[in-house]
1. Please count how many residues of the stretch 270-289 are without any contact (Cβ under 8 Å) to a residue 60 or more places away in the chain and either touching a helix residue (DSSP H, G or I) at 6+ places or on another chain (Cβ under 7 Å) or crowded, with 20+ Cβ neighbours inside 10 Å (or both).
2. Inside the stretch 146-227, counting only helices (runs of 4 or more DSSP H) that do not spill past its ends, which hold 3 or more residues that are at negative phi and within 20 Å of the chain's Cα centre (by Cα)?
3. Mind listing whichever residues of the stretch 327-363 are surrounded by 11 or more Cβ atoms within 10 Å (Cβ to Cβ), under 23 Å from Y310 (Cα atoms) and at pLDDT 60 or above?
4. Name the residue that is modelled with the highest pLDDT, counting only residues in the stretch 188-227 that are under 18 Å from K151 (Cβ atoms) and out of contact with any Lys or Arg (no Cβ under 8 Å at 6 or more places or on another chain).
5. Restricting attention to the stretch 244-303, report how many residues are closer than 19 Å to T78 by Cβ, assigned to a strand (DSSP E or B) and among the hydroxyl-bearing types (S, T, Y).
6. Would you tally the residues in the stretch 81-113 being out of contact with any Pro (no Cβ under 7 Å at 6 or more places or on another chain), among the hydrophobic types (A, V, I, L, M, F, W, C), outside any strand (DSSP E or B) and more than 15 Å from D16 (Cα to Cα)?
7. For the stretch 304-349, which residues satisfy the criterion of being without any contact (Cβ under 8 Å) to a residue 24 or more places away in the chain and assigned to a helix (DSSP H, G or I)?
8. Residue under question is Y56, and the condition is that it be without any contact (Cβ under 8 Å) to a residue 60 or more places away in the chain and not in a strand (DSSP E or B); does it hold?
Amino acid sequence: MVISKLLKKIIHVDMDAFYASIEQMDNPKLRGKPIAVGGNRQRGVVAAASYEARGYGVKSAMPSILAKKKCRNLIFITPRFKRYKEISAQIKNIFFDYTNLVEPLSLDEAFLDVTENKKNIHLASDIATEIRKRIKNEIGLTSSAGISTNKFIAKIATEINKPNGQKTIHPSQINDFLEKLPIEKFFGVGKITEKKMNDLGIYNGADLKKNSLGTLKSHFGKSGEHFYNIIRNTHKSEVNPNRIRKSIGAEQTFSKDINSESFILDELNNISEELESRLIMSKNKGKTVTIKLKYSDFKQQTRSKTVNEYLQKKEDFFPIIRDLIYQETIMKPVRLLGISITNLYSNKKLDEKKINIQLKFNL
């Protein structure tokens, strides 16, 4: 008697132009207009663009000055992260009505394992439809979803009918779907890897599948094994509701370059206050302090220091920041400053919990 292994039912939910959509929802005067959240006309980068702005070629992470060139009528909006987090929490509460296995990737997207769900709904596609309908009716925003047997395929499926749509890749369709998938759509394939793939004659999943594990590892190292497993649908990554946060940070891009160490310290002091607030809100603290400086020529530098005690309050970590600034003379004007805290206490507690569980099993 052959017992078939139960296939997972994974949903990937991604909000449509999340930050921009919230701004348009809260301010009806912005609806139907091209808006960019973040940056300004001269400096900074776009954090999110409305679909009206995307029609002009405006994208997230694009320099604001370039975005303005692409869309002369572009409206820049100052981010309101407190509001975005508030809406994100409301969306997650809807997810938890269906399953506790929710893995947030960011404020606006998450994986859900609904193989066994609280509503006893048989089809994952029906759950996705119901979740998206509730987000629209209860919050006022549209979302998109992808449904399949693993996270990789579900996430790719989300893009197929975006915005305000969903797509299911049935187990019987997976092999054909992967073989036809353009190579740049695979996880881990950026522009450099894409070119290396193309040089090897790999343009889609079918081309990738022709290569042995040894060949892929010789050209792409450890990533070669990742590509080998994904194309054969043997890459099984569980939905992890306890995804570890590795760092907490804050940064600021300036409307005019600054080159005085006293001005830089003043700005770092302001950023430190925001970072302290984020650390307290997330109930976190860490041992490693890193400052980031991006210069007027866009070159970037980081300076770090690790201490023995955990840090959370500005009064404790700002002296370290001051030392890092004076550690080396700043020779060029600075356009962006950032601070991050890593080596977090929450990660240590999670590791200890895992060790304790392991010990119990061993005993």
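The values are calculated or read from the model by the stated rules, or taken from the named source; none is laboratory data. The structure displayed is predicted, hence computed values, not measured ones. Backbone-built Cβ (ideal geometry, glycine too); neighbour counts: all protein chains shown.
1. Looking only at that region, the number is 4.
2. 151-158
3. Across the stretch 327-363, the qualifying residues are L337, G338, I339, S340, I341, T342, N343, L344, Y345, S346.
4. F227
5. 2
6. Here the count works out to 5.
7. E315, D316, P319, D323, K348, K349
8. yes
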